[in-house]
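Trainee: Can you keep this structure in mind? I'll have questions shortly.
The values are calculated or read from the model by the stated rules, or taken from the named source; none is laboratory data. The shown structure was predicted, so the numbers you read here are calculated from the model rather than taken from an experiment. Positions of Cβ are backbone-derived with ideal geometry, glycine not excepted, and every protein chain shown enters the neighbour counts. Protein only, heavy atoms only, side chains kept; ligands, DNA and RNA dropped before computing areas. Shrake-Rupley method; radii C 1.70, N 1.55, O 1.52, S 1.80 Å.
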Amino acid sequence: MEQSMAISQTTTSQLSASLQLPAHLLTPSPPSLSQADDSPIFSLGRVQFALSSPLFSLSCTANILLLCLNGVPRPSPNSTSGGQPPQLIRIDLDRPTEVDNIDLAIPPPVQTRDGPVSTLHRVHADPSGRHVIVSTTTGDNFYVFVGTLPAGSSTSAGRRAKPLARLKGAVIDAVSWSPSATSSSAASFSTREILLGTATGQILETTLLDPALAESSSFSLPVPGRSGAPERYVKHLYTLAERQSITGLRCETWGKRAAIIVTTKTRIYQFIGSLSGRREEEGGILEPMFQQYTSGEVQPKSLELPGEPLNSELHFFAPLRTDSKGVVMGATLPKSVAWLTGPGIYHGTLSFPPPSSDHLHPGDGIIESASLVPYPAEPSSPTHVSSSYDKFHAGHEDDEGRTEMPISMALTEWHFVLLYEDKIRVIGLLSDKVVYEEPLDLPPGVRPLRLSTDPLRKTCWMHTDQSIFELVIKDEDRDVWKIYLGRSNWELARRYAKTPRQRDQVLAAEADAYFAMGRYIQSAQCYAQSSKSFEEVVLRFVDKNERDALRYYLVAKLERLRRTDLTQRMMLATWLVEIYLSKINQLEDIAAAERSPDDVENLKVEKSLLEDEMRQFLSTYKENLDRKTVFDLLDRHGRDEMTLYYASIVGDHERIITHWVFEANWTKALEALNKQEGLDLYYRFAPVLIRHAPKETVETFMRQPSLDVRRLIPAVSAPQRRSPSASNDTRSSSEHVIKYLQYSILQLQNTDASVHNTLLTLFATDSSADEADFLHFLAVSPNNPDTGDPYYDLDYALRLCRANKRVQACVLIYSKMGLYESSVDLALEHDDLELAKLNADKPEDDDLLRKKLWLKIARYVVGQKNDIKTAMRFLESTDLLKIEDILPFFPDFVVIDDFKDEICSALEGYSAHIERLKDDMDEATRSAEAIKSDIADLRNRFVVVDASEKCGSCGLPLLTRQFYVFPCQHSFHADCLINEVTKHLSPTALRRMLDLQSQLSPSSAPSRPHRRNLVEDTQNQGLKLAAASVQGLDQLRKLVLPDALLGIIGGAIPGKQLMGRVGGPFGGGGDGVVPSVGANLSASAKKEAGEKQGLREALDELLASSCVLCEGAITSVDRGFVDEGEEM
């Protein structure tokens, strides 16, 4: 029958008076090293928690504390009501103020003469703290899910004890929880496959899932006929032959393999096999593995120990598995096992071979290095005891030599924890000695029940039926290093040494041990890592004459010195250099005295390795060595190769180059020169390198464009000679130097005058220099843009070339100096006609000079050659000379028949040229006549104006007063056009218009009274114009008088009114009515009238040169639509 349970949530205020946990559970803080050394590793503390009934069991998994209470018995054995049933209490130690009480559907305990008797048998909690199985002595079993419930689920429905009907009658003594469920996330509500060990020796496999949580789990397959049951399946796997109660059960899987360890009170079994390929919901994953054991094909590996212990427990220790951030993700495979038996503790390590290996077969086991640790005799002498230890043993002196069986045990990484009726003992796994003992101060009649450990948080708990205790463990592996040190296990001792002082003790002991065994190299390495006195260690190696070990020690010590210890580092490094050199010399001496070729070869190999080691040392500690001291040591020992290597790593390239120069190895010297980045060494070694290896040196210089060629002049201009040993090149050194200077001038654009003069000097003075290269340089050498002359000194170049009889060069220099006549004369003087011709054409912008130079050449040709044919061919070389130019150079007695044909051809050419000129003149005359005709036609042009045409400015009828008409068909009144034009004219054009207005205004006005003011205004134009020039453009426009201009344009002649004018881009305007000029006018009057007519035409050109709406609009594109002062 399934009975509901009541769950009560204890409030924080209620717990404050009843629950008091140790402080480290609330605010854990690891102690410092100094505190850890002073405080004990183990300490027992009481947890203050008020229990409503006697405590039956306690378990702590994943920091979840699970208490099972016996309940309150009924008033009498025959009562059917009253009392309180057993109860589970769940406390999450991360939130200790929240407590869940879960009632179990088990009858309350029965009151007997010996006290209350409960049917509770075992409470099994999984390592993840989510599942609990409660078994009773009557064979009733219950399952409770105590993990985190899914969101939105009811607490009362989710945490209800469910009876395991299919397991009824089986008294469950041991449970092996699924490793996959233990390491899975909290969202899993299934136990996965678990193994159950019963009191009759049966091993069962099942999977449990609370039906209320089945919807949130992946296990949702119903079991036929068992709807709502937690058991998804139940498989019987194996039954032990003796059918003894199974006290311990553990299943571990890795890959496709599985190992199961089963214990009874006297036996331990190991089952090995492979997992089936079934899915988890199908069940029976381990069933195929046990078939070979049930069939009798294979027998499990087993071990039987004598005795009948009251309690038998099986414990495992598994390291934790963490992620990259240090968060605990679960436990790994266990590494050790401990079995509580009658004669002692059976302890061993576990070995899980790789899944792919075939070293593990059915019938084998995974327990290795097993041993039986006997229980300690009374009394013990623990390493760490409580303050009440002496008081406790004062009344138990007669117990010496007696061995007591513990009630329970726990296994940690380094210790066994044993629970006795009156004390707790801790035994070291490595030493098998008691390291801690704490007496239990319990009330009379109260006895301890059991120890429990949290496999994830590594905490240890003990309980009685009335109290809860925690065994606090701090720095459990604190003294492990001492044990390994005593066993001379140096590696493990160093691994577990926590403080520098501990590591130093281990290293010192290890070094002393190696030294005693004669393993001096290993001893030196350990001594260097320890704080052993430097002087003591050095003297020990010196006394033993172990120079190699001393070298290793000094190198290792040097590596560990601080970089700020400059003096110590320099002394050690220098000493090591001396030791290295002495060792190399020693090996050479031994090899020279050795007769066996094999031994000599071995010594050479050892010497080579030692030299490589020394090179590495010099490279590593070059900053800690004094260069002068090291070079002195190397020189005294005659180590040239090592000297060169050290010089290269410290950057002393000068020493390297000097060495190779002394060795006359110019190739190596140049290689060393190329490897360094400075330029000073190029200048220093240039003379000797150019003298002995000119070609290679010049190539080296050309690969360094940043060289200052001026500083190389002393080296390149020194007297050179052939060096037969330098190279196979037969050219002299100066040729390579010339090549380099040409490269620097023509390619690198060097403008230093001294460099140019040096190259010119080498070209002029070296007899082996190629004349063509010299002339090419003179021709293409760049000129100074400021002066227009070459960068070299022309006067110096001319003197040098004349002194060394470089005629062609002199001619070229004369031409660069502008002395073309001298250049031609010099060329002709040396009978070089082609060179003379070349220089005669150089003054390109002076035809007279060119002709003069060519006449000189012609005179030379006629005078020297005295050949008519040659002279005629010479005329073909230039177009500046004609035959008549050279006729005077011929002798008077020359017969004309010799060049008659040439004269005739010249005359024919002149005649053709004259005819071409006449044709050009006729064409020009025709063009002038056509232009005159076009001008005349322009004066007679006309435009037809419609009577309804309106002014383009004011919009009034056009024909009401004088007007202008443009070829674009735009028309304006004359006064409107004047107003529009003045808006766009520039200040210069306005001043011109005002000037014309002033000049054309009549000096005396007619007797008409309305014209007097206008004339007076016009006569004062000078003063107004001067004032307007100062005031600005607007004032200039105001001075323009449209009425005055109308009279001026119309001619102001009575009886002759000008009604219309045609203006435009055709060159001004034409008169509609042109007034006639009387023939009886005087000459002065005619002249005056002509001048006024010209002024009118100029004024008319200003007004009507273009249409203001067409071309005038373009000039006013940047003006606003609204002028200043106007409104929109």
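Trainee: Output the residues belonging to the range 968-1001 that are over 13 Å from Leu1036 (Cα atoms) and among the charged types (D, E, K, R).
Mentor: Asp975, Glu980
Trainee: Further question: Pick from the range 575-594 the residues that are over 15 Å from Glu613 (Cβ atoms) and open to solvent by 50 Å² or more (accessible area, probe 1.4 Å): which of them is modelled with the lowest pLDDT?
Mentor: The selected residue is Glu594.
Trainee: I've got another one for you. I'm checking my understanding of the structure. Among residues of the range 364-380 that are touching a strand residue (DSSP E or B) at 6+ places or on another chain (Cβ under 7 Å) and modelled with pLDDT under 85, which one is nearest to Glu304 (Cα to Cα)?
Mentor: The extreme case among them is Ala377.
Trainee: List every residue pair whose Cβ atoms sit under 7 Å apart, with the two residues 6 or more apart in sequence or on different chains, where the first one lies in the range 816-840 and is assigned to a loop (DSSP other than H, G, I, E, B) and the second, anywhere, is aliphatic (A, V, I, L, M).
Mentor: Taking only residues 6 or more apart or on different chains, the pairs are Met817/Leu794; His830/Val807.
Condition check ((1) assigned by the TED database to the domain that holds Gly248; (2) polar (S, T, N, Q); (3) part of a loop (DSSP other than H, G, I, E, B); (4) without any contact (Cβ under 8 Å) to a residue 12 or more places away in the chain) across all residues:
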{"site": "Leu66", "(1), (2), (3), (4)": "yes, no, no, no"}
{"site": "Ile91", "(1), (2), (3), (4)": "yes, no, no, no"}
{"site": "Ala105", "(1), (2), (3), (4)": "yes, no, yes, no"}
{"site": "Pro108", "(1), (2), (3), (4)": "yes, no, yes, no"}
{"site": "Gln111", "(1), (2), (3), (4)": "yes, yes, no, no"}
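Trainee: Right, something else. Looking at the range 557-581, I want the residues that are farther than 14 Å from Arg547 by Cα and have a partner that is of a type in the set (Lys, Arg) with Cβ atoms under 6 Å, at least 6 apart or on another chain. Which pairs are those?
Mentor: Taking only residues 6 or more apart or on different chains, the pairs are Leu561/Arg569.
Trainee: Among the helices (runs of 4 or more DSSP H) confined wholly to the range 623-671, which include 2 or more residues that are touching a helix residue (DSSP H, G or I) at 6+ places or on another chain (Cβ under 7 Å) and among the aromatic types (Phe, Trp, Tyr)?
Mentor: Because the criterion is at least 2 residues that are touching a helix residue (DSSP H, G or I) at 6+ places or on another chain (Cβ under 7 Å) and among the aromatic types (Phe, Trp, Tyr), the helices (runs of 4 or more DSSP H) in the range 623-671 that meet it are 640-650.
Trainee: Of all the residues that make up the range 778-803, how many are without any contact (Cβ under 8 Å) to a residue 12 or more places away in the chain, outside any helix (DSSP H, G or I) and either open to solvent by 50 Å² or more (accessible area, probe 1.4 Å) or acidic (Asp, Glu) (or both)?
Mentor: 4
Trainee: Restrict the check to the range 448-466 and report whether at least one residue is of a type in the set (Phe, Trp, Tyr) and assigned to a loop (DSSP other than H, G, I, E, B).
Mentor: no
Trainee: Need at least 1 residues that are surrounded by fewer than 19 Cβ atoms within 10 Å (Cβ to Cβ) and of a type in the set (Val, Ile, Thr) per element, so show me which strands (runs of 3 or more DSSP E) inside the range 234-333 make the cut, counting only ones lying wholly within it.
Mentor: Of the strands (runs of 3 or more DSSP E) lying wholly inside the range 234-333, those with at least 1 residues that are surrounded by fewer than 19 Cβ atoms within 10 Å (Cβ to Cβ) and of a type in the set (Val, Ile, Thr) span 320-322, 328-331.
Trainee: What about Val435, is it assigned to a strand (DSSP E or B) and surrounded by fewer than 20 Cβ atoms within 10 Å (Cβ to Cβ)?
Mentor: No.
Trainee: Out of Arg551, Arg503, Arg563, Arg495, report the one residue that is part of a loop (DSSP other than H, G, I, E, B) and not aromatic (Phe, Trp, Tyr).
Mentor: Testing whether each residue is part of a loop (DSSP other than H, G, I, E, B) and not aromatic (Phe, Trp, Tyr) leaves just Arg563.
Trainee: Of all residues in the range 595-612, count the ones that are open to solvent by 70 Å² or more (accessible area, probe 1.4 Å) and either in contact with a His (Cβ under 6 Å, 6 or more places away or on another chain) or not β-branched (Val, Ile, Thr) (or both).
Mentor: So the answer is 9.
Trainee: As an exercise: evaluate Asn545 against (1) within 26 Å of His637 (Cβ to Cβ); (2) assigned to a helix (DSSP H, G or I) and give the number of the one condition it does not meet.
Mentor: It fails just one condition, (2).
Trainee: Quick check on the range 93-103: of everything there that is of a type outside the set (Lys, Arg) and in a loop (DSSP other than H, G, I, E, B), which residue is nearest to Arg160 (Cα to Cα)?
Mentor: For the range 93-103, the residue satisfying everything is Glu98.
Trainee: Could you identify the single residue in Arg447, Arg425 that is among the charged types (D, E, K, R), open to solvent by 50 Å² or more (accessible area, probe 1.4 Å) and at pLDDT 90 or above?
Mentor: Only one candidate passes the filter, namely Arg447.
Trainee: Please verify whether Gly363 is in a loop (DSSP other than H, G, I, E, B) and within 22 Å of Asp477 (Cβ to Cβ), treating the condition exactly as stated.
Mentor: No; evaluated as a whole, the condition is false for this residue.
Trainee: When you scan the range 477-494, how many residues do you find that are open to solvent by 20 Å² or more (accessible area, probe 1.4 Å), at pLDDT 90 or above and closer than 25 Å to Ala410 by Cα?
Mentor: The number of residues fulfilling the criteria is 4.
Trainee: Would you be able to say whether some residue in the range 549-561 is at pLDDT 90 or above and open to solvent by 50 Å² or more (accessible area, probe 1.4 Å)?
Mentor: Yes.
Trainee: Related question: Filter the range 39-64 for residues that are assigned to a strand (DSSP E or B), open to solvent by less than 20 Å² (accessible area, probe 1.4 Å) and hydrophobic (A, V, I, L, M, F, W, C) and give the result.
Mentor: Phe42, Val47, Leu55, Leu58, Cys60, Ile64
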